[in-house]
Each structure stands twice: as C-alpha cells, then as structure tokens.
1. Residues that are without any contact (Cβ under 8 Å) to a residue 12 or more places away in the chain and surrounded by fewer than 17 Cβ atoms within 10 Å (Cβ to Cβ): does the stretch 78-87 have at least one?
2. Can you pull out every residue in the stretch 1-12 that is open to solvent by less than 50 Å² (accessible area, probe 1.4 Å) and β-branched (Val, Ile, Thr)?
3. I'd like to verify a number: residues in the stretch 60-75 that are touching a Lys or Arg at 6+ places or on another chain (Cβ under 6 Å) and open to solvent by less than 20 Å² (accessible area, probe 1.4 Å), how many?
4. When the stretch 325-371 is examined, which residues are found to be aliphatic (A, V, I, L, M), farther than 30 Å from residue 126 by Cα and part of a loop (DSSP other than H, G, I, E, B)?
5. Give the stretch 60-78 a look and list any residue that's outside any helix (DSSP H, G or I) and acidic (Asp, Glu), or say none.
6. So which residues in the stretch 13-30 are surrounded by fewer than 16 Cβ atoms within 10 Å (Cβ to Cβ) and in contact with a strand residue (DSSP E or B) (Cβ under 8 Å, 6 or more places away or on another chain), if there are any at all?
7. Going through the stretch 298-314 one residue at a time, which ones are crowded, with 19+ Cβ neighbours inside 10 Å and of a type outside the set (A, V, I, L, M)?
Amino acid sequence: MTSVALLGQILDYANRPDPYPLYAELRRTPVVRDESGPYLVSTYWEIKGLLHDPRVSSDARNLTPDAAAAVGHEQDPDLPPSFLLLDPPEHDRLRRLAMRPFGPPHTPRRVFEMHGELAGIVSGLIDGLRGRDTVDLVDDVSYPFPVTVICRILGVPREDESHFHEWADTIAAGLDPIGTAEERAAMAQAVRQARADLARYLAELIEERRRAPRDDMLSAMATEHGPDGQLSPVEMITTSVLLLIAGHETTVNLITNGMLTLLRNPDVLKRLRGEPGLVVPLVEELLRFEPPVQMLPQRTTLADIDIAGTVIPQGAPLFLMVASGNRDPQRFTDPDRFVPDRPDNEHLGFGHGLHSCFGAPLARLEAQLALTELVRRLDAPQLVEDPPPYRQNAVLRGPRHLPLTIGGVRD
C-alpha cells in the first residue's frame, strides 16, 4: 500500500469532466490510504464485498476522533442523521417505515402505476421547447422532471421549489470531502443551516398533512401505523429531507449524463430512436458508465478489515469509489466503451447491500421515459459545447448546464 494524492486530483474541479483516467491510475492499487486520511477502495470486487460487509458502518459516529477530525465530520447538534447514515437495527426500522407507502411489500404498485403520469410530465416539458432553436437540457427537462415527480409523491407543492432548491443544493454540496479544515467547517455550518431551514418547512407541511391527509407519502408517514409503529416527528423530518433531496439530485444527473452520452455516440442515439426497447439495458449501462453517484465517502470500519493485502484499521474513514469499480477491467470487458446492450451488467450505480438505493425503481423509470422521449421528439439535437460546464459537486457528478441546438420538436 502507498499513500497517494489522487483523491485531491479527483476532487479538483478541473477534472470534473473526465475523472476516469484518475480512477484507472487509482485501481493499480485496489486499497490505498490517501494523504488526507481516508482509505480509498477502487476495484469492483473489493467495493462490492465491503458494501455487503457488516463490519462496515455508515454511521460517522464510529469514526475515531482523529479520523473524524481528518475528514471534517461534525455531528449536527440540532437534527439527527437520516437512515442513510445509520446502521442496523435503527437503519432497518426507519427504512421499512419509509418504504411502507412507497414500495413493496405494502405498496408494490406505486411506481408502476405512475408510468402514465410521469410520461405526461416529461411530454409536457418537451412540448415547452417548441419554437426554440437552443435549449438547456438541465433547466428545461432534467431538473424540473424529477423535481415535479418527487414533489407529487411526497406531497410537496411544486410551486415551493424555489424555496427548497438552494437548501437542497447546499446539502448535496456538503457530501463533498473537499477543502481546508476551515472550508470544511464553513460548509458544515452551511449544511446545518440548510437542513434546519428545510426541516422547518417540511415540519409545517407534515403537520398540515396530519390534520388533512392526502394521497401522498407525507400524509402516510404522518398518519399510518404499522408493525414497526410510526416515525417520530423528528424521524419524519429527517426522512422527508432525505427523500426530497435524494429523489431528484441523482436523477437530474442520470438524465443529463444520459443525453450527453447519447450525443457523443450518435450511432447509439439513432439506434434508440428506432428501437425504444433498448432504453432498458441502455439506462443500466449509463449507471455503469456515467453513474450519478461517483463515490460513497461516508463509511467507516467497525473492526480491522484485511482486504486486498491491506489492513484497514477500526474507526478509519472509508471511501468506496463506485465509479471506478464500474470501469474495472477485471469485472467488465472493454469497460471504457459505452455498450447500450451490455450483457452481465451488474454495476454499482445504485450501490449494493442494505444501503442499496431506496428510489432505484423510480429513478430507472424516470430516466427511461425521459431519454426515450427526448430522442424520439427532438429533431437534430447537437451539443453547443463539449465538455459542458459541470456542477462543483464531485460526489454527485453531472453537468450544471447542457446547452443544445435543436431543429424542432416532433409530436
């Protein structure tokens, strides 16, 4: 094992358009300790093993004090972590309660039955592009589509988007392990403030839904009781904050990365236009090739773990570099090539194990519908610039804008 400075280069904004050569260099040693403190795991089988390893914790309170200081972790004194950042049994109880109004076993048809409504939303957004010869895919489709959907599912008024947009951006930016100690402390304070503001907003909505329930998740969480009881008021707030942000931040990037990849591969775009069913394996390949979540930087070890010849000590910060694992040639043939119908594509795009993505079925459906309709209806779409401007965020990586020229919008 060697200490390297590759993490700093990966987090450097200058490398946001193409971090993959850095991942290839990182994979030469599957487990390395970065000079800033965390252990980076970059190869497919090692990442997958750790995602299923009960000795790996998502709860940052298990970091040693020195490790917590090194990665800039500070506990929010006002609001506890969401279930995404907890371990069993609390994680399992909270996830079951959140899943109850969203998916199987209690609500298995919710996402399936939204197909027609989702298709109508994305079709309406594309209708709005008529008469224009330039569009910004992010502002015009990729962002408003999943935001509208998650607002409808949760019961958040779509017209309040301007209120929570900045809070969501700040909280998402807080996932990045970047900057000096002073910069990380300032970011932690900004994230705490954004969480507090969003929590107050959602607490008022939850109380409204408790008094007058509707057919949405906030109402269900506020009124329903199951075998696990009911979420406490604070748990409802932390869960709602998580679902609102996770419900759109990653899908925006999946749709935008998808259209960018198709425009860079016009033969695949043409094939999808004539073969719409291709979109199902194509979205899986996108999740491998350009995953919206590039790394999972919030893990720690509950015991000394010997992996790939390196012992990661108990309480160490652990970064699982899933985008690197998805390009591992020991797992995927020709991994740097986009193959829309790639066989045997068990990617790490939605994670694995007990923290696998809660909203994966919804994200898949949204991306499939959006890309199919964009390819079918946009006439002669072309990139205005390549690479496009990217968001600052390295963990949730994707273009901030994707300007396109179009020749028109078909019916």
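1. First, the residues of the stretch 78-87 that are without any contact (Cβ under 8 Å) to a residue 12 or more places away in the chain: none.
Scanning the stretch 78-87 turns up no residue that is without any contact (Cβ under 8 Å) to a residue 12 or more places away in the chain and surrounded by fewer than 17 Cβ atoms within 10 Å (Cβ to Cβ).
2. Answer for the stretch 1-12, where residues must be open to solvent by less than 50 Å² (accessible area, probe 1.4 Å) and β-branched (Val, Ile, Thr): 4, 10.
3. Looking only at the stretch 60-75, we keep the residues that are touching a Lys or Arg at 6+ places or on another chain (Cβ under 6 Å), and these are 72.
Within this subset, residues satisfying the condition of being open to solvent by less than 20 Å² (accessible area, probe 1.4 Å) are none.
So the answer is 0.
4. 348
5. Of everything in the stretch 60-78, those that are outside any helix (DSSP H, G or I) and acidic (Asp, Glu) turn out to be 74, 76, 78.
6. Passing the criteria: 13, 17.
7. Correct list: 298, 299, 300, 301.
A quick yes/no check of all residues on (1) within 19 Å of residue 296 (Cβ to Cβ); (2) outside any loop (DSSP other than H, G, I, E, B); (3) in contact with a helix residue (DSSP H, G or I) (Cβ under 9 Å, 6 or more places away or on another chain); (4) of a type outside the set (D, E, K, R):
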{"residue": "25", "(1), (2), (3), (4)": "no, yes, yes, no"}
{"residue": "80", "(1), (2), (3), (4)": "no, no, yes, yes"}
{"residue": "84", "(1), (2), (3), (4)": "yes, yes, yes, yes"}
{"residue": "102", "(1), (2), (3), (4)": "no, no, yes, yes"}
{"residue": "107", "(1), (2), (3), (4)": "no, no, yes, yes"}
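The values are calculated or read from the model by the stated rules, or taken from the named source; none is laboratory data. Remember, it's a predicted structure, so these values are computed and weren't measured experimentally. As a convention, Cβ positions derive from the backbone with ideal geometry for all residues, glycine included, and neighbour counts pool all protein chains shown. These accessible areas exclude ligands, DNA and RNA; they are computed on the full protein's heavy atoms, side chains included. Shrake-Rupley method; radii C 1.70, N 1.55, O 1.52, S 1.80 Å.
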